Structures are given as structure tokens and as C-alpha cells.
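Q: Let me give you the structure first, and then I'll get to my questions.
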Amino acid sequence: MDRSLNSAEAGGMKRLGWIIQKVRWKAVGSLGMVLLWAGCVAPPPVATPAMVGYAPQGSRLENLERGREILVGACARCHAVDPPDAFAPAKWKEIVSEMAERARISREQEADLIKYLLGARAWMGVERSSSGR
Ligand code: HEC
């Protein structure tokens, strides 16, 4: 009686160990997927005072910061967002006026988003050429 109970217990422990191992590998796998995903879809660059110099006339740092918030918030609700340098300025304006309704953003938010996208886009171009990438 005692013996059979012990062997049942041992079997249970073994199974438990196996499950823990499986779960652990799953966790490692998920982390890998997240890192892979993060590597492929780089977040849009953070707004900086340097970037303001590349943004449309009259843009302020707050405009760019708010614009970026909209991009990673309201816009990213439906799909991954393209990096600012994915489109030419005229195309971005077209896209934003089309998507603004879907994202339910105001005219002011639309303007901030454009300021961010154009500023970040130009800034990224300069960064890339100066770093030789
Ligand atoms: C309610 C969901 C939704 C929201 C919010 C949304 N989009 Fe989209 N977006 C779509 C869908 C669906 C498409 C696929 C193309 C289409 O239907 O026009 C798309 C396509 C795009 C494209 C590809 C267009 C092209 O010409 O290649 C871009 C870029 C884009 N969205 C940017 C944005 C931006 C910027 C915002 C925030 C202002 C935004 N989206 C918010 C649903 C959304």
C-alpha cells in the first residue's frame, strides 16, 4: 500500500517536472518571438528638440510628442504602424486625412501627427546619411 502510493507520487512528480519544463520552454519561445517582432517593427523614433528643426514651420516639441503618441496609440489600434520614413510627405498627408476618421482624432491631433511624421521622416534621413547606414 505504502509502496504503490510512493510510486504513484513519484510518477506525479515526474510528470510535474516535465510540465514545468514544457512551460519554461514555451516562455523562452514567446520571449524570442517578442524580441524578433520588436526587431522587425522598430518603434518610431522619440521626438527630440533636434527633430523639431526638421518639422514643418511653427512645430514645437509638444506637437511632435503628441503626434507620436497618436501614432503609437490611436493608429496602432488596428495595424502595425509604418515608420515615418516609409512615405513621402504628400503621401503621409493623404494617408493621415484618410485614416483620421478611422482613428477618431481631431483636426488638431491630425496636425500634430503630420508635424511628427514629417519632422521624424526628415530627421531619420539625416541620421541615416550621417551614420553611413
Ligand atoms: C479602425 C482601424 C484603423 C485605424 C484606427 C487606423 N487604420 Fe490605417 N488602415 C486600416 C485598414 C483597414 C487599412 C487597409 C487599407 C485600407 O482599407 O485603406 C489601413 C491602411 C493604412 C496604411 C497603408 C496605406 C497605403 O497606402 O499603403 C497606412 C500607412 C495607415 N493605415 C496609417 C494609419 C495611420 C497613420 C493611422 C492613425 C491616424 C491609422 N492608419 C489608423 C485601418 C485603420
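Q: Taking 0.36 nm per residue of separation and subtracting the Cα-Cα distance, what length does fully extending ARG128 through ALA88 add?
A: 12.8 nm
Q: Further question on the same structure: With a ≥ b ≥ c the root eigenvalues of the C-alpha gyration tensor of the range 49-131, is it rounded (a/c under 1.5), prolate (a/b larger than b/c) or oblate?
A: prolate
Q: Hey, rough spin-label estimate for GLU62 and GLU98, points 7 angstrom out along Cα→Cβ, what's it come to in nanometres?
A: For GLU62 paired with GLU98, the spin-label model returns 3.2 nm.
Rule-based calculations on the coordinates, nothing more; no lab input. This structure is a prediction, so every number in the text was calculated from the model and none was measured. All Cβ positions, glycine included, derive from the backbone under ideal geometry; neighbour counts span all protein chains shown.
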